[in-house]
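Just below is one structure, and these are the notes that go with it.
The values are calculated or read from the model by the stated rules, or taken from the named source; none is laboratory data. All figures in this text were calculated on a predicted structure; none of them were measured in a lab. Positions of Cβ are backbone-derived with ideal geometry, glycine not excepted, and every protein chain shown enters the neighbour counts. Heads up: the accessible areas ignore ligands, DNA and RNA and are worked out on the full protein's heavy atoms, side chains in. Shrake-Rupley method; radii C 1.70, N 1.55, O 1.52, S 1.80 Å.
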Amino acid sequence: MQNKQMTMGDTIGLGFMTFAFFLGAGNLIFPPFAGHMAGDNTLPAMIGFLLTAVGMPLVGLIAIAKSNGKVTAFLPSAAATALTVSIYLIIGPIIAAPRTGLVAFEIGALPFLSADATNGQLYYTLGFFLITMVLSAFPGNLLDSVGKVLTPLLIFLLVGLAVSVFILPGAEPGVPQGDYASSPLTKGILEGYNTMDTLASLIFGMLIIDILRKKGVTEAATQTKYLVRAALIAAGGLAFVYLSLFYLGTTAGDLAIGAETGGQLLTQYVTHYFGNTGVILLASVVTLACLTTAVGLVSACSEYFNELLPQISYRIWVLLMCAGCMAMANLGLKELINFSIPVLVTVYPVAIALVLVTFLTQKFARPEFSHRLVLSVALVFGIFDGLKVAGLDTSFLNFLPLYAEGMAWLLPTLVTMFVCLFIKKPAKAETVA
């Protein structure tokens with residue numbers, strides 16, 4: 001098959017699509033609340049957040065391109081499958097995808113429902129994931145339906161919100177609260193975990209390569225070129241959104257009184273300045289962002305499980321994924337977030353380590369051994385951090401560096417990575433004549 005070249009418009013559309021896939025529920029609700037909590041310490045908190053919510057997803061996409069989608073090639077097949085399945089389930093029907101429907105409901109629909117609409121969440125999530133199912137069932141049209149139609153409208157709405165944040169008068173930053181007072185950089189890094197975008201980058205990268213292949217872009221080098229361009233467009237868009245939302249939360253002042261989540265803070269902000277028009281604007285932004293992310297997540301998960309179990313068709317997997325998402329969504333947003341935090345704190349170190357070792361593969365004399373050792377260390381110490389966040393008594397581990405901050409995995413993983421650079425190949429035994 002002849003290798004095709006994409007037009008500038010198609011490349012921009014691919015970048016918009018990538019941006020839209022990442023820009024989902026957590027991307028809109030976490031930054032403003034983090035900015036409000038950080039107060040005077042917003043700058044280091046924002047830097048930390050951007051590291052894990054923009055920098056690592058960008059690096060993750062480039063790692064996928066560099067490895068041609070085979071970032072787990074040096075792991076045992078069972079371990080590689082287990083890791084990949086875990087990531088797909090986390091960003092798919094267990095946590096991330098259901099969260100998109102819940103946030104879309106709570107910000108995009110709940111303000112317009114009467115108090116006695118007891119089944120509103122059930123009906124809304126049913127409709128939300130039915131639309132997701134229809135869009136996901138035809139993955140060849142993703143670039144056209146998401147990248148060129150929905151996303152420009154989403155960007156237009158977000159730009160309007162961002163401009164208002166910088167133009168309208170805001171309050172002075174408040175006093176940092178909680179961990180933002182003592183360790184804002186680390187807290188920002190951990191807050192960036194909640195977007196799940198580093199995990200998603202490992203999946204979206206492969207989805208984009210598949211879309212490029214279906215568009216006739218068959219050569220690995222050309223796929224890498226377009227994937228890197230799409231990653232840069234997406235990273236720029238995400239950084240713009242996060243900066244404006246952080247600033248919104250930092251300067252919210254009295255508008256943040258009573259807000260317990262970023263979603264509530266956003267609602268109170270737009271209600272104050274724009275009234276019903278602002279609420280409709282916010283509902284549109286959140287609904288579009290969550291829908292485009294849900295489509296990306298369901299499509300990626302269905303593609304993977306169809307390859308893993310080809311006896312079940314792709315569209316049946318889409319149906320199963322959307323049914324699972326709707327069931328999990330109706331557990332409630334608070335319960336879903338509380339469940340997700342220990343899981344993410346455990347898994348994220350492994351994902352970050354996987355991305356980093358991908359760039360060092362050619363530097364390792366024993367790449368297979370190095371990959372396995374580094375990821376094993378990241379997993380063990382990630383489990384320690386996860387147990388702590390889950391509320392279990394792990395005080396006997398307080399001696400570990402950065403354990404109090406929830407990042408005990410970092411130094412051991414980096415040290416292991418560094419040591420592996422100096423491990424040499426075993427000497428071959430000489431043949432006895």
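Listing for the model above:
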{"item": "Index of the failed condition, Trp317 passing every other in (1) touching a Pro at 6+ places or on another chain (Cβ under 9 Å); (2) at pLDDT 95 or above", "result": "(1)"}
{"item": "Residue that is farthest from the chain's Cα centre (by Cα) [pool: residues in the stretch 184-216 that are surrounded by 21 or more Cβ atoms within 10 Å (Cβ to Cβ) and outside any helix (DSSP H, G or I)]", "result": "Asn194"}
{"item": "Residue list for the stretch 228-271, restricted to those being part of a helix (DSSP H, G or I), among the small types (Gly, Ala, Ser) and modelled with pLDDT of 85 or more", "result": "Ala230, Ala231, Ala234, Ala235, Gly236, Gly237, Ala239, Ser244, Gly249, Gly253, Ala256"}
{"item": "Given (1) in contact with a Cys (Cβ under 6 Å, 6 or more places away or on another chain); (2) among the polar types (S, T, N, Q); (3) more than 21 Å from Leu320 (Cα to Cα), number of the condition Thr52 does not satisfy", "result": "(1)"}
{"item": "Filter result (among the hydroxyl-bearing types (Ser, Thr, Tyr) and under 22 Å from Ala256 (Cα atoms)) within the stretch 15-48", "result": "Thr42"}
{"item": "Any hit, the stretch 218-227, residues being crowded, with 22+ Cβ neighbours inside 10 Å, part of a helix (DSSP H, G or I), on the phi < 0 side of the Ramachandran plot and aromatic (Phe, Trp, Tyr)", "result": "yes"}
{"item": "Positions within the stretch 243-280 being open to solvent by less than 10 Å² (accessible area, probe 1.4 Å) and without any contact (Cβ under 8 Å) to a residue 60 or more places away in the chain, in sequence order", "result": "Gly278"}
{"item": "Residues of the stretch 70-89 that turn out to be within 18 Å of Phe22 (Cα to Cα) and either open to solvent by 40 Å² or more (accessible area, probe 1.4 Å) or outside any helix (DSSP H, G or I) (or both), as a count", "result": "1"}
{"item": "So Ala97, is it in a helix (DSSP H, G or I) and crowded, with 21+ Cβ neighbours inside 10 Å", "result": "yes"}
{"item": "Residue list for the stretch 188-225, restricted to those being in contact with a Pro (Cβ under 9 Å, 6 or more places away or on another chain) and charged (D, E, K, R)", "result": "Glu191, Asp197, Asp210, Lys214"}
{"item": "Any hit, the stretch 345-366, residues being closer than 19 Å to Leu89 by Cβ and of a type in the set (S, T, N, Q)", "result": "yes"}
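Here's the yes/no breakdown for (1) modelled with pLDDT under 85; (2) acidic (Asp, Glu); (3) surrounded by 13 or more Cβ atoms within 10 Å (Cβ to Cβ); (4) part of a helix (DSSP H, G or I):
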position	(1), (2), (3), (4)
Thr132	no, no, yes, yes
Leu135	no, no, yes, yes
Gly140	yes, no, no, yes
Leu143	yes, no, yes, yes
Lys148	yes, no, yes, yes
Leu154	yes, no, yes, yes
Leu158	yes, no, yes, yes
Gly170	yes, no, yes, no
Tyr180	no, no, yes, yes
